[in-house]
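> The structure follows.
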Amino acid sequence: MDKKYAVPPYKIKMVEPIHLIGRSEREERLAQAGYNQFALKSEDVFIDLLTDSGTGAMSHFQWGAMMIGDEAYAGSQSFYRLETAVKNITGYAYIMPAHQGRGAEQVVIPQLIKHPGMIFISNMHFDTTRAHVELAGGEAVDVACKECLDTLTYYPFKGNFDLEKLEKVIISRGKDNVAGIILTVTNNAVGGQPVSMENFRSVCEIAKKYQIKTIIDGARYAENSYFIKIREKGYENTSVREIAKEMFGYADIFLMSAKKDGLVNMGGIIAIKDDQDLFRKCQTYIVPMEGFPTYGGMAGRDMDALAVGLDEALDEAYLEYRIDEVRYLGDRLKAAGIPIQFPTGGHAVFVDCGKMCPHIPYDQFPAAAVGNELYIEGGIRSVEIGSMLMGRDPISGKNRQSDMELLRLTIPRRVYTFQHWDYVADSLINVFNRRQTIKGLKFTYESPVLRHFTSRFVPMP
Ligand SMILES: *Cc1c(COP(=O)(O)O)cnc(C)c1O
């Protein structure tokens, strides 16, 4: 890699101490946690790469904005400031806050299902999105492009839809049975991989042809827009803000977990382009689910922090550094021969543990096993995105096998430094060098739903 890495476009004003407990303590805590890193206490973690969701640092402008939060139950000034920020970015007419992304999903998704058995089609449903589709009586169908499964080969937009498959599904299921097309940007599950503008536009054109609504699941829309700027021909000189505006222009609805590119610790957004009827339905439904439509589960002060954070996340110096941080960690691992999803995406480095530990069968969860070893090595917490997350087939009861066994090293926004990434890389390289000795996991307790959160394990003998 010849391109240098960007320097952080901010300096540190407040610090939070972190502490590395001893190795034997780490072994003990992990055993107490049933070899499930979700059960660790954060105080026992040195560098926490579990998620980028709600784990970012706010700027002094955001903290300052919190002081003018208006906590009125209805018609809060904070809401109107947030509404203005979202309207400026999206160009959409109808805006409602939600307590987080899944709050937005639980309000909007049921409104789109007109009869039982309707489907949503997505490049890849995020897990809570899939859950809300299924809870509302729908079915979630994924049509990711096949390039995303080839972790070793460079492809600039591994988040893309397979357009042929998309149209095939619409035709075979019948357009009247498609409740909506969900564009997940970036595509988290395959590595925070972006969707190109060309692909995005084509998906929306196909949707229009069949009169199907398009929903942006846009937790990381700013990162996706930045990738379009640096990787897609013709967008080099377009601002990230304009790129985002173009994407919003093609779609109908925007749902956002503001815990990512909103740069806040909690919050969500529902934005509807022009469908007043849908807005009114959501407005009625949001009251019992999330709260009155001008607060939707958010405190006034939090809406103000979000209004500021949305603009900061579109700052190109910030985005350049953010994407470079991920690239730097990825480059260090790749240089050591560790198989990763390449190129790196927006919010995490994904280690291909199926390739790293082929001796561990999928139903002994190679990525979780490597993650546990990384915790013991360096006090670093990560997360499995593989067959453990997939759960069991509800009919056969068999473990579902994921296409990839990935370990996600998720990068919180504006939190860690390049020294932390060196430490993480050095620790993982040590684990990689003893990869043959890593043992798979077996259940001692298997939780029946979303099992990755609360199940307990022991290492195989
Ligand atoms: C995080 C996320 C969600 C859910 O948002 P929460 O704020 O965690 O409820 C939905 N979709 C995508 C793509 C996400 O990354």
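> Listed highest first by mean packing, meaning other Cβ atoms within 10 Å per residue, what order do 158-168, 90-100 come in? All intermediate terms of the calculation are to be shown ahead of the outcome.
Details: 158-168: 20.5, 90-100: 23.1.
Ranked from most to least packed, the peptides come out as 90-100, 158-168.
> With a ≥ b ≥ c the root eigenvalues of the C-alpha gyration tensor of segment 60-312, is it rounded (a/c under 1.5), prolate (a/b larger than b/c) or oblate?
Cα axes put segment 60-312 in the oblate bin.
> Once R0 is set to 56 Å, what does the formula 1/(1 + (r/R0)^6) return for the Cβ-Cβ distance between ALA74 and GLN419, expressed as a FRET efficiency to the nearest 0.05? Could the numbers behind the result be given before it?
On the way: r = 48 Å, r/R0 = 0.85.
Efficiency for this residue pair is about 0.70.
> Cα gyration tensor of segment 107-178, axes a ≥ b ≥ c as square roots of the eigenvalues: rounded (a/c below 1.5), prolate (a/b > b/c) or oblate? Mind dumping the intermediate values first?
On the way: a/c = 3.33, a/b = 1.72, b/c = 1.93.
Oblate.
> Suppose a student asked you for the relative contact order of segment 60-312, using Cα pairs under 8 Å spaced at least 6 residues apart; what percent would you report?
Taking the mean separation of contacting Cα pairs over the length of segment 60-312, I get 32 percent.
> Tell me, what ³J(HN,Hα) does each residue in segment 221-230 have, in order and in whole Hz, if you take phi through Karplus 6.51 cos²θ - 1.76 cosθ + 1.60 with θ = phi - 60° and put x for Gly and Pro?
5, 6, 5, 4, 4, 5, 4, 4, 4, 8
> Rounded if a/c is under 1.5, else prolate if a/b is larger than b/c, else oblate: which is segment 48-193, with a ≥ b ≥ c the root eigenvalues of its Cα gyration tensor? Could you put the intermediate results ahead of the total?
Details: a/c = 2.41, a/b = 1.45, b/c = 1.66.
It is oblate, given that a/c is not under 1.5 and a/b is not larger than b/c.
> Now for a different question. Considering the zone a paramagnetic label at GLU242 would reach in this model (a point 7 Å from Cα along the Cα-to-Cβ line), which residues of segment 67-92 have amide N under 18 Å from it?
It comes to 88-91, nothing else.
> Please turn the phi angles of segment 329-344 into ³J(HN,Hα) values with the Karplus equation 6.51 cos²θ - 1.76 cosθ + 1.60 (θ = phi - 60°), one per residue in order, whole Hz, x for glycine and proline.
4, x, 4, 5, 5, 5, 4, 8, x, 7, x, 10, 5, 10, x, 5
> Under a 5 Å amide H to amide H cut-off, with H placed in plane at 1.01 Å, what residues pair with ALA348 once short-range neighbours are removed?
Amide H neighbours of ALA348, under 5 Å, 5+ apart: ILE411.
> Might you report the magnitude of the Cβ-based charge dipole of segment 44-119 about its Cα centre, with Lys and Arg at +1 and Asp and Glu at -1, to the nearest 20 debye? Walk me through the numbers before you get to the answer.
Working: 4 positive and 7 negative charges, 83 e Å.
That gives a dipole near 400 debye.
> Further, regarding this structure: Gain in length, ASP403 to LYS3, computed as 0.36 nm per residue apart minus the alpha-carbon separation, to one decimal in nm? Please list the in-between numbers first.
Details: separation 400, 0.36 × 400 = 144.00 nm, distance 3.20 nm.
Taking ASP403 through LYS3 to full extension adds about 140.8 nm, to one decimal.
Each reported figure results from applying straightforward, stated rules to the coordinates on display, with no laboratory input. Predicted, not measured: the structure shown is a model, and the values here were computed from it. FYI the Cβ positions are ideal-geometry reconstructions off the backbone, even for glycines, and counts take in every protein chain you see.
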